[in-house]
1. Please count how many residues of region 130-162 are surrounded by fewer than 14 Cβ atoms within 10 Å (Cβ to Cβ), part of a loop (DSSP other than H, G, I, E, B) and at pLDDT 90 or above.
2. Would you check if there is a residue in region 142-161 being closer than 16 Å to residue 43 by Cα and in contact (Cβ under 8 Å) with a residue 40 or more places away in the chain?
3. All but one of (1) part of a loop (DSSP other than H, G, I, E, B); (2) farther than 21 Å from residue 158 by Cβ; (3) modelled with pLDDT of 90 or more; (4) more than 16 Å from the chain's Cα centre (by Cα) hold for residue 92; which doesn't?
4. Going through region 49-62 one residue at a time, which ones are at pLDDT 90 or above and under 14 Å from residue 106 (Cα atoms)?
5. Given the structure, is residue 99 closer than 16 Å to residue 42 by Cα, buried (at least 18 other Cβ atoms within 10 Å of the Cβ), in contact (Cβ under 8 Å) with a residue 12 or more places away in the chain and touching a strand residue (DSSP E or B) at 6+ places or on another chain (Cβ under 9 Å)?
6. Does region 109-126 contain any residue that is part of a loop (DSSP other than H, G, I, E, B), on the phi > 0 side of the Ramachandran plot and either within 19 Å of the chain's Cα centre (by Cα) or in the same structural domain as residue 49 (by TED's automatic domain parsing) (or both)?
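The values are calculated or read from the model by the stated rules, or taken from the named source; none is laboratory data. In this text the structure is predicted, and so the values were computed from the model without any measurement. Backbone-built Cβ (ideal geometry, glycine too); neighbour counts: all protein chains shown.
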C-alpha cells in the first residue's frame, strides 16, 4: 500500500488497542478506510480484504465507524456500485499475508531487506533498540537470526505478496 498522506485520521479502536481503524485521502481526493495492527502494519481495507478472500465487487469502503471490543467486527460506510451504503465485516482475524514485506507495499524487495538488516543487527527482540513488535522475527522465537533470514529469503524470491 502506498504511504498514507497527511489526510489521515483514526476513527475506531479495539479494546486492547491492537486494531486501529481510520481513513485516508487518496491522491484523487477520495477517502478510503485503513486498518493498523502490529501483525501487518497499515493497510488499505479495500486492498486487504480481497487478499483474505472477501468479495469486494462494487464496494469502496470509505470510513470505519467502529471496531468491536475483541476486534472481530468492523463497521463503516462507503459505496456499493456508486450508492452510499453501510458495511460490516464479521469474523475478522488479522493475518499477515506477507510477513517479509516490512514497509507494507505488497512487495518484498531491497527496501524490506534494509529493514531486516537493521533488526538483524539488533538481534534480541527484547532490546529497547528493536523495532516495536520485532517484525523481522519471522519465526517468533524472540530473536532475529539466520532462521528468520531463511524465511525472509523465501519471501524475497517470491517478490510479490499474495
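1. Looking only at that region, the number is 2.
2. The first filter runs over region 142-161 and keeps only residues closer than 16 Å to residue 43 by Cα, leaving 160-161.
Next, from what is left, pick out any that are in contact (Cβ under 8 Å) with a residue 40 or more places away in the chain: 160-161.
Within region 142-161, one or more residues are closer than 16 Å to residue 43 by Cα and in contact (Cβ under 8 Å) with a residue 40 or more places away in the chain.
3. Unmet for residue 92, out of (1) part of a loop (DSSP other than H, G, I, E, B); (2) farther than 21 Å from residue 158 by Cβ; (3) modelled with pLDDT of 90 or more; (4) more than 16 Å from the chain's Cα centre (by Cα): (4).
4. Residues satisfying the conditions are 49, 50.
5. Spelling it out, it is not the case that residue 99 is closer than 16 Å to residue 42 by Cα, buried (at least 18 other Cβ atoms within 10 Å of the Cβ), in contact (Cβ under 8 Å) with a residue 12 or more places away in the chain and touching a strand residue (DSSP E or B) at 6+ places or on another chain (Cβ under 9 Å).
6. Of the residues in region 109-126, the ones part of a loop (DSSP other than H, G, I, E, B) are 109, 123, 125-126.
If we keep only those that are on the phi > 0 side of the Ramachandran plot too, we end up with 123.
Restricting the remaining residues to those that are either within 19 Å of the chain's Cα centre (by Cα) or in the same structural domain as residue 49 (by TED's automatic domain parsing) (or both) gives none.
No, there is no match, as no residue in region 109-126 is part of a loop (DSSP other than H, G, I, E, B), on the phi > 0 side of the Ramachandran plot and either within 19 Å of the chain's Cα centre (by Cα) or in the same structural domain as residue 49 (by TED's automatic domain parsing) (or both).
Rundown of residues vs (1) within 30 Å of residue 151 (Cα to Cα); (2) modelled with pLDDT under 90; (3) in the same structural domain as residue 151 (by TED's automatic domain parsing), yes/no style:
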position	(1), (2), (3)
17	yes, no, no
29	no, yes, no
32	no, yes, no
76	no, no, no
